[in-house]
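Nothing in this text is a laboratory measurement; each read-out follows from the coordinates by a stated rule. Source: prediction; values computed, not measured. We place every Cβ from the backbone using ideal geometry, glycine too, and count neighbours over all the protein chains shown.
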Amino acid sequence: MNAVRGLIKRCLCLCAVLLGIASFSVNAAEVLRVGALKYGTVNWELDVIKRHNLDYKHGFELAVVDLGSPQATVIALQGGRVDLVVNDWVWVNKQKNSRREYGYSPYSTAIGGLVVSPAANIHSLADLRGKRIGVAGGPVDKGWLLFRAYSKKVLGVDLNEISDIKFAAPPLLNHLLLAGELDAVINYWHYNARLIAAGMKTLLSTEELLGVFGIEHKVPMLGWVFERSSAERRPELMNAFFAASFEAKAILAESDTEWEAIRPLLKADSYAVFSALKAAYRAGIPEPLSPADAVAIRTIYGILYPSTASTLVEEAGAATMMSLKNTEPNRKDKNNNFDEGMFWWQLLQRQES
């Protein structure tokens, strides 16, 4: 309970700071278009913003654009059909390496984890030898790459080499695990929540995995993604949106009544599933972006792409908020290098003004 109260307080403090940046300079007629999967989890927060008129409170109008697939959200952002979508910093960094500049602001620390069937007799990573593991997102998904790196570090062998790996869509993976056709799955957080409600067990969360690599705090693995140049032309508008976003998160962190209001959006067929999804969402509410997050993200990037990590993590560890802020936002990296220029520093902008 104390952790939840602390989270609410931090979210509301950030709202106050961002409101101070944006409230008196944003034209109320300005519209921000947010692209979201029609039945995706992003809609939970967007619904709270709209029902509580948080967009108008913070001086803009929110327009939600329903999209049919993750790829459609990317296409809509790249084509200028929407102003913001939710994606991960891996995608943003790859775009920057291709000379397409996008910004990144925290949306969630949730990424998922490894869930096992109680019938599979799996109690540790070593027990995964010879087991059937389903993986969402494909062979290059960051979650799967992290688990492979973790296996190499802990067991001295790649999980890909000792298990029977099956790649499939998240809903199908859940079905196969529950049907006994898989022994374990590495799936996204909201699909894992449904499995836990159905009696499956978490063997290893991604947060626990990252702790082995020295990352002890929650990292914003998903973020609001937007065209950088457009955001820099209207920073007050962007900060107004982020203030509304954090205020909606604070409401969802505190109010069980609010969850009853959005319950139809969760598509939960039981109270157990509903409760699991609520708890998982709350656990993923991020802190405001910090220099420690930048260090952690760079560290994770080096784990994912060890042969292309361009800069030592120690350099970022010694960086101050100003040095990170002053990273040239339009710097073009070559190959697959890591670029902190993606980060959107709301609090820094306020402190320097």
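Classify the stretch 139-287 as rounded, prolate or oblate from the Cα gyration tensor: take a ≥ b ≥ c as the square roots of its eigenvalues, call it rounded if a/c is under 1.5, otherwise prolate when a/b beats b/c and oblate if not. Display every interim value, and only then the final one.
On the way: a/c = 2.13, a/b = 1.32, b/c = 1.61.
Oblate, because a/c is 1.5 or more while a/b does not exceed b/c.
In this structure the amide hydrogen of Gly103, modeled in the peptide plane, comes within under 5 Å of the amide hydrogens of Phe226, Glu227, Arg228, none closer than 5 places in sequence on its chain. In a reduced charge model with +1 at each Lys and Arg Cβ and -1 at each Asp and Glu Cβ, the stretch 76-175 shows a dipole moment near 200 debye about its Cα centre. Counted over the stretch 113-212, the DSSP beta bridges are approximately 55% antiparallel. Taking the Kirkwood radius as Rh and the Cα radius of gyration as Rg, the stretch 199-267 has a ratio of Rg/Rh equal to 1.09. Here the contact order of the stretch 113-212, divided by its residue count and restricted to Cα pairs under 8 Å and six or more residues apart, works out to 47 percent. Working note: Karplus 6.51/-1.76/1.60 with θ = phi - 60° gives the stretch 153-165 the couplings 6, 8, 9, x, 8, 6, 4, 5, 8, 10, 10, 8, 9 Hz, where Gly and Pro are set to x.
When peptides 159-172, 54-67 are sorted by average Cβ neighbour count within 10 Å, with the highest value leading, the order is 54-67, 159-172. Rounded to the nearest Hz, the phi-derived 3J(HN,Hα) couplings of the stretch 81-92 under the Karplus curve 6.51 cos²θ - 1.76 cosθ + 1.60 (θ = phi - 60°) are 6, 10, 9, 9, 9, 9, 8, 9, 6, 4, 4, 4, where x marks glycine and proline. With 31 Å as the limit, the listed pairs Lys153/Lys249; Lys142/Lys201; Lys38/Lys249; Lys152/Lys278; Lys94/Lys201; Lys94/Lys267 have Lys153/Lys249; Lys152/Lys278; Lys94/Lys201; Lys94/Lys267 beyond it between alpha carbons.
What do you get for trypsin sites (Lys or Arg not before Pro) in the stretch 70-101 restricted to DSSP loop and a cutoff of at most 11 other Cβ within 10 Å of the site's Cβ?
Numbers: sites: Arg81, Lys94, Lys96, Arg99, Arg100; in loops: Arg81, Arg99, Arg100.
For trypsin sites (Lys or Arg not before Pro) across the stretch 70-101 that sit outside H, G, I, E and B with at most 11 neighbouring Cβ atoms in 10 Å, the list reads Arg99.
Sparse packing (at most 12 other Cβ atoms within 10 Å of the Cβ) combined with a DSSP loop state is found for the following GluC sites (Glu not before Pro) in the stretch 201-287: Glu216. According to the Kirkwood relation over distinct C-alpha pairs, the hydrodynamic radius of the stretch 113-212 is 13.1 Å.
Packing, as the average of other Cβ atoms within 10 Å across residues, places the peptides 110-122, 181-193 in the order 181-193, 110-122, highest first.
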